[in-house]
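Enquirer: Following this message is one structure expressed as structure tokens.
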Amino acid sequence: MMSPMKIRALVLAGAALACLAPSAFAQTVLITNAMVIDGTGAPARQAEVRIVDGKIDSIGSSGSIDPRDHVIDARGLTLAPGFIDTHSHHDRGIFDHRDALAAVSQGVTTIVVGQRNPPRSTSPRTPDTAR
């Protein structure tokens, strides 16, 4: 069983790669030997993930490594898509902590806010949300 720390480290690395601008990639990134959880509900499987211009280009096992590829050996680690936090209270502090480090360090890439009843958000109100 993989430790939660290793899972978090690889998810965080994936999130960091996803946040970089495409121009930041001078070369293709190839993540090898990762146990990939693809978000479809299928069991984890060992695969390569190729990232070109900051976007996932392929998932599988091409077997070919270009000498210009930046290769990351993820042996013993799990690679997963970002997670959606569907119940959070981040709307009270997200504007003060725009890096959302507490969420990102757990692999969260999307936060749903404003679910309190009654809403007590510090987010700016618009006419359609004001009561």
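Every number in this text was worked out from the coordinates using simple rules, so none of it is lab data. Everything numeric here is computed off the predicted structure, so don't read it as measured data. Quick reminder, even Gly has a Cβ in these numbers, built from the backbone with ideal geometry, and neighbours come from all protein chains shown.
Enquirer: If a residue must be within 13 Å of Gly114 (Cβ to Cβ) and part of a loop (DSSP other than H, G, I, E, B), how many such residues does the range 88-102 contain?
Expert: Qualifying residue count, the range 88-102: 3.
Enquirer: What number of residues within the range 25-61 are loosely packed, with under 12 Cβ neighbours inside 10 Å and either hydroxyl-bearing (Ser, Thr, Tyr) or within 19 Å of Gln106 (Cα to Cα) (or both)?
Expert: Residues in the range 25-61 being loosely packed, with under 12 Cβ neighbours inside 10 Å and either hydroxyl-bearing (Ser, Thr, Tyr) or within 19 Å of Gln106 (Cα to Cα) (or both): 3 in total.
Enquirer: Applying the selection to the range 60-80, what residues are within 23 Å of Asp38 (Cβ to Cβ) and free of Cβ contacts under 8 Å to residues at least 60 places away in the same chain?
Expert: Going through the range 60-80, the residues within 23 Å of Asp38 (Cβ to Cβ) turn out to be 60-65, 69-80.
Across the range 60-80, the qualifying residues are Gly60, Ser61, Ser62, Gly63, Ser64, Ile65, Asp69, His70, Val71, Ile72, Asp73, Arg75.
Enquirer: Output the residues belonging to the range 29-63 that are over 20 Å from Gly76 (Cβ atoms), of a type outside the set (A, V, I, L, M) and part of a loop (DSSP other than H, G, I, E, B).
Expert: Within the range 29-63, Gly39, Thr40, Gly41, Asp53, Gly54, Ser62, Gly63 meet the criteria.
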